[in-house]
Each structure stands twice: as C-alpha cells, then as structure tokens.
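The values are calculated or read from the model by the stated rules, or taken from the named source; none is laboratory data. For clarity, every value in this text was computed on a predicted model and none was experimentally measured. Glycine gets a Cβ as well: all are built from the backbone with ideal geometry, and neighbour counts include every protein chain shown.
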Amino acid sequence: MDIAKLNEHIQKYKQNIKHDPEAYAADSSSRKVRRDYYRSWTKDRLLNMSQEEFEEYISKLWAMLIWGNKKYVTDKLISDHGFETVKQELTELVWGEESLDKRWDRFRSRIKGMGPAMMSEILSHVHSHDCMLWNRRAYVGLNYLGVENLPRYNYQLTGKRYCELSELTKRIVKELVANGFEDADLLTADYFIWEELQVESNLSSIFRAGTNDAGAIPTRSVDANTAEFIHDEVRDKLKDIGQWLGLESRTEVKVADGSRVDTLWEQTIGNMGRVVYVFEVQTKGSIDSLILNLLKAVNNPAVQAVIAVSDAGQIEKIRKHAAGVQGLKDRLKYWDYQRVLEVHDALESVNAEINSLGLVPTITW
C-alpha cells in the first residue's frame, strides 16, 4: 500500500471537512444510525425476525441500491432456501463462534443470492473494528493505493482473503487515527475510500486488460469447489443481467424433457409470442452432456437460441464438439464468462446511478 499517497488524500479529506463541516457531521450521524441499527440485531433477535423485518434489514443495505424492486431479492432468498435456513445462516455469519474466515465460507456455500458486498456490509456495521466493507468502491480505492492481487470477482473472495483485506484496510484506519480521526474504524475507512479514492482514471481503466487484479482464470485449472463458485456466480449474474434488461429471468429452469438449464431469459413479443433464450454455464464436467442438454433445449419451439458460457479454452472445445450436431450448431452462441462478469459490473454501476436519483421510493432512515 502506498502510504505516502494515502496520507496525501487524508490531508485533502481533512481540508474538505474543514470547508464543509456540516456535511461531515451529517455523514457521521448517518454512520452512527446505520451502525446502531445493525448492532441492535442480536443473535436472538435475528433468529426470531419476521419476514417483514428481514425485508427491511436487507433493503437498508447500500448494496441494495442497484435494485429497484428490493422485495424481489428478499423473496428469492426465502423461496430458494427457506426462511428458517436464511435466518440461521445469517445469525451464524454475524454472531457465530467459529473464526470469521470459516463463517464467511460457510455462508457463501450455503446461501446463494447474498454476495460479498451484502455480507461484508452487515459485518462491517456490526463489527466495525474487525470487518471491512468490500465492494466495487473498495476495489477501486485499494487498487489506486497499489494493493496487488485484489479479488475482482465474487468467487475469488474466500474467507481467508476477506480477513486478509480487513487486516490490510486497518492500515488506513491507523493513518486516519494518526491524523486526528481518533474514533476511526473500518466503517470510517469505507467512507474515506468512497469520498477520496474513487479516482476517475482508475475507474475508467478498471476493465482494461492487464489491470492490477486477480483476473478470471481458466475453469479447467481450479478445484471442484472453486468451479462450483464460478458456476453459481456466473449463473446468478446472467439472471441479474436479464432482469436489468427488462426480461423475465430465472435460474435452474426445465425447458424440455430431460433438459434443465442454468439461466433463462423470456419475453412475450407481439405476434411472435413467447421468446426464450437459455444459458448453460460450463466450468467442470462433460462437454458431451452439455451438448445433449442444449440439443434437448432447442426442441422447445419457444427457444430462439442457446448460449454456452465458459472460459475461452472450454468454449473452443464446445465449438468443436457442436460443429457436427445438426439442429444445434446454427443456434448455439458462445459467451466468455469473464465478459459476463464485466457486463454485470457495468450494468450494476448504471443501475446504482439511476436508482440513486430516487425515482423509485426506498426505505429511509
């Protein structure tokens, strides 16, 4: 971490506060209110929360700004896992007795639909001296300070890596304290990163080839657990992309006898009726099985195209396998999973910006 650059921005931060102390006081007050709210949810209270309280608890997160329909997210979490399971796992994440890295990995493996941004935001508000808030802005800020091998995608943020990043971010807290911010914690550091380290040149280059991050890796070179994380993240982000595009978007859908696909986009278009696009994410497993599943999918007359999603090496193998399959080869498209993740990040940024305009009513404090 470039400490000289960090201190340069801390001095700018202090000057900005001096010029507009009322805004800083308002931010500090808001931070305290948010922190007090999430800390008020004790272990027993979380275990006994109602579905309406859960919706409020999740909807208040900054990570939810990208969603106009926040109830969709909470309803999906409940329908996918069952409300009792969600409550138990959330309680274990926040108040469990195991080490933080193990609690993190347990939650990630058992609850789909709550990624690192949501998880870390809750943890940071409850345990603000030990847990950082990890999101796109944190990535940009730490990358700007020269921190290497940052996890760019959710599947790369293991519990161990999250703990390492929390410890690293404590260096920012240490410098803030040394510069007069006596009560600074990791939540304070997040506000500082948001205000001071979102440098335009760094934001604009975030997706350029060769940027300072741990980029997407070939799925064939990862273990089974990592391959599953990649698969699930890409599947879920394909669903998000479809929804943000205004389509009906679902995961794990049966489209024909013997064919269940990872993600489906659907829309009714005038005289064409129901139009369906299906996506299959390939990380590990048999390519022949993938081809057979997609071939069955195209037997559904509503299916206009099928898309195989994988890394560049796997896509080339799929392309060769499909070349001689009549009825499939002309309707099969290919999408590199790294590009899917990049498109998701770009659309996420757009949705966050639009939703920040307050065009759709949101829960206020």
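For the condition assigned by TED's automatic domain parsing to the domain that holds Asp236, β-branched (Val, Ile, Thr) and not in a loop (DSSP other than H, G, I, E, B), Val325 does not qualify.
Just one of (1) touching a helix residue (DSSP H, G or I) at 6+ places or on another chain (Cβ under 7 Å); (2) closer than 30 Å to Val177 by Cα fails for Asp36. It is (1). Select from segment 140-170 the residues that are assigned to a helix (DSSP H, G or I) and of a type in the set (Asp, Glu) and write down the one among them that is farthest from the chain's Cα centre (by Cα). Among those residues, the one meeting the criterion is Glu167.
Filtering Asp288, Asp240, Asp232, Asp262 for residues that are touching an Asp or Glu at 6+ places or on another chain (Cβ under 6 Å) and either touching a residue at least 40 places away in the same chain (Cβ under 8 Å) or not assigned by TED's automatic domain parsing to the domain that holds Pro116 (or both) leaves a single hit, Asp262. Within segment 320-341, being surrounded by fewer than 17 Cβ atoms within 10 Å (Cβ to Cβ) and farther than 16 Å from Leu292 by Cβ holds for Asp330, Lys333, Tyr334, Asp336, Arg339.
With respect to Leu264, is the statement that it is crowded, with 20+ Cβ neighbours inside 10 Å, within 16 Å of the chain's Cα centre (by Cα), at pLDDT 85 or above and not β-branched (Val, Ile, Thr) true? In short, no. Residues that are in the same structural domain as Glu233 (by TED's automatic domain parsing) and in contact with a helix residue (DSSP H, G or I) (Cβ under 8 Å, 6 or more places away or on another chain) do not occur anywhere in segment 295-302. In summary, Pro116 fulfils each of the numbered conditions (1) more than 19 Å from Lys237 (Cβ to Cβ); (2) modelled with pLDDT under 95 with the single exception of condition (1).
Given segment 16-98, what helices (runs of 4 or more DSSP H) lie entirely inside it while holding 2 or more residues that are of a type in the set (Val, Ile, Thr)? Give the derivation first.
Numbers: elements: 21-39, 43-47, 51-59, 70-81, 83-95.
The helices (runs of 4 or more DSSP H) meeting that bar are 70-81, 83-95.
Of all residues in segment 61-79, none satisfies being surrounded by fewer than 16 Cβ atoms within 10 Å (Cβ to Cβ) and of a type in the set (Val, Ile, Thr). Here's a check for you: in segment 267-282, which residue that is without any contact (Cβ under 8 Å) to a residue 24 or more places away in the chain and under 17 Å from Gly246 (Cα atoms) is surrounded by the fewest Cβ atoms within 10 Å (Cβ to Cβ)? My answer is Gly270. Residues in segment 48-73 that are at pLDDT 85 or above and among the hydroxyl-bearing types (Ser, Thr, Tyr): Ser50, Tyr57, Ser59.
Results for (1) without any contact (Cβ under 8 Å) to a residue 24 or more places away in the chain; (2) crowded, with 23+ Cβ neighbours inside 10 Å; (3) closer than 24 Å to Ile78 by Cβ, shown as yes or no for each residue.
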residue	(1), (2), (3)
Met118	no, no, yes
Val126	no, no, yes
Cys131	no, yes, no
Tyr144	no, no, no
Glu148	no, no, no
Thr158	no, no, no
Cys163	no, no, no
Arg171	no, no, no
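Residues in segment 173-202 that are in a helix (DSSP H, G or I) and surrounded by fewer than 20 Cβ atoms within 10 Å (Cβ to Cβ): Lys174, Glu175, Val177, Ala178, Thr188, Tyr191, Trp194, Glu195, Glu196, Glu200, Ser201, Asn202.
Among the residues of segment 283-301, those identified as under 31 Å from the mean Cα position of the chain (by Cα), in a loop (DSSP other than H, G, I, E, B) and either modelled with pLDDT of 90 or more or surrounded by fewer than 20 Cβ atoms within 10 Å (Cβ to Cβ) (or both) are Lys284, Gly285, Ser286.
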